[in-house]
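Heads up, the thing below is written out as structure tokens.
The values are calculated or read from the model by the stated rules, or taken from the named source; none is laboratory data. Not measured: the values here are computed from a predicted model. Here the Cβ positions follow ideal geometry from the backbone for every residue, glycine too, while neighbour counts run over all protein chains shown.
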Amino acid sequence: MPQSMNELGFYTLAGQPESTRELLDEVKAAEAMGIGACFISERFNIKEAAVLSGAVGAVSSEIGIATAATNHSTRHPMVTAAFAMSMHSLTGGRFSLGLGRGIAPMFRAYGIDPIKTAEIEDFAALMRKIWRGELVVSHDGPAGKYPLLTMGPQYASEIPLTFTAFGPNSLALGGRAFDAVVLHTFFSDETTERCVKAIKRAAEIAGRDPRSVRVWSCFATIGDHLPEDIRLKKTVGRLATYLQGYGDLMVETNGWDKAVLDRFRTDEFVQNFRGGLDMTATPAELEHVATLLPDEWLASAAQGSAAQCVEAIRGQFDLGCDGVILHGASPSQLEPILDEYRRTRPEGVFDHLPRNPAAPPT
């Protein structure tokens, strides 16, 4: 097995898998290739985060694991605390509980209240107290009212917390209250650099060592060795789906032209399409969608030959990121890129990064 590259990660079950069992071979392959971390996204279908986390932990021995992300409001705090503690025990400390705000339109449809910054911060503090073996009595805060929260002192452990951040409030929260922050896909270089600085600055203001908060770029990695229809789905389809769900935030964060988003939304095909464009749109339909998106909106990704992809990945470290998630591709789809990356990887540069993707650098 090659040396673990703890500066690199991947998302298991990228896109719309036919079966959750695909995860088993993906994780084994990723570990064999030396990918340092496995990130787990959650959807309310066959991608429930606790189940997937247990499966990753069971079939691996080295790779770091993080949910990125689950939502604190969909489980009782003791259920989430026990989930994380179980994973911590199962993996020998390789697990990080990762939280996020969720997608507001989906939450509204399901009757789930929107998540506020204060709730997440309060919940994160509760998790740390429970995991340290403390007795929490009569808690009354933004995360809710709870007469008693405890596992008992025999389970005292330090479990790192990860947060997926987007807007300025989330970035600041990540810096002051979490151990790692995962950025969003299709962030421009300027946006990525600004977000990294905002996170590190928030950590410093909170009296923390900014170097201890690891920032992960979520970087679409779609090499030209993949068939064109797959590349369309993982680039045009994925970005278009983000624009469907929270286009205003994407445009505002990147400083993009709002008029382009308006034209995208008023396009007859987009208006009448049901569901996410990356899920069921045909290649011909995605080719039409591509005409609605400027090239620069899709440029923030690793594309082209393996060497070009590796150059783009290394550029994320130059922007201040501590790690890069090779987003949107399975380990087998990343193989030629990983071969090139490993061949040209600078010796010793990332030795300070532990395998837990949210544990502080040594």
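Annotations for the structure displayed:
- In region 60-82, the residues that are under 20 Å from Glu121 (Cβ atoms) reach residues that are assigned to a helix (DSSP H, G or I) and of a type in the set (Phe, Trp, Tyr) with C-beta atoms within less than 8 angstrom, at least six apart or across chains, in these pairs: His72/Phe123; Arg75/Phe83; Pro77/Phe123; Ala81/Trp131.
- Condition broken by Thr241, with the remaining ones in (1) under 25 Å from Gly315 (Cβ atoms); (2) in contact with a helix residue (DSSP H, G or I) (Cβ under 6 Å, 6 or more places away or on another chain); (3) without any contact (Cβ under 8 Å) to a residue 40 or more places away in the chain; (4) assigned by TED's automatic domain parsing to the domain that holds Cys321 satisfied: (4)
- All positions within region 106-124 that are surrounded by 15 or more Cβ atoms within 10 Å (Cβ to Cβ), in a helix (DSSP H, G or I) and either in contact (Cβ under 8 Å) with a residue 40 or more places away in the chain or over 23 Å from the mean Cα position of the chain (by Cα) (or both): Thr117, Glu119, Ile120, Glu121, Phe123, Ala124
- Test: residue in region 145-158 that is out of contact with any Lys or Arg (no Cβ under 9 Å at 6 or more places or on another chain), within 30 Å of Gly315 (Cβ to Cβ), part of a loop (DSSP other than H, G, I, E, B) and without any contact (Cβ under 8 Å) to a residue 24 or more places away in the chain: no
- Per-region count, region 184-213, residues among the hydrophobic types (A, V, I, L, M, F, W, C), closer than 22 Å to Met127 by Cα and part of a loop (DSSP other than H, G, I, E, B): 2
- Candidate set from region 261-302 (those that are in contact with a strand residue (DSSP E or B) (Cβ under 9 Å, 6 or more places away or on another chain) and within 15 Å of Lys233 (Cα to Cα)); member that is surrounded by the most Cβ atoms within 10 Å (Cβ to Cβ): Ala302
- In the set (1) in contact (Cβ under 8 Å) with a residue 12 or more places away in the chain; (2) part of a loop (DSSP other than H, G, I, E, B), Val51 fails one condition alone, (2).
- Residue that is farther than 25 Å from Pro361 by Cα and of a type in the set (A, V, I, L, M), where the choices are Leu149, Leu161, Leu173: Leu149
- Number of positions in region 75-106 that are touching a Pro at 6+ places or on another chain (Cβ under 6 Å) and either at positive phi or modelled with pLDDT under 95 (or both): 1
- Given (1) surrounded by fewer than 17 Cβ atoms within 10 Å (Cβ to Cβ); (2) out of contact with any helix residue (DSSP H, G or I) (no Cβ under 8 Å at 6 or more places or on another chain); (3) small (Gly, Ala, Ser), number of the condition Ser86 does not satisfy: (2)
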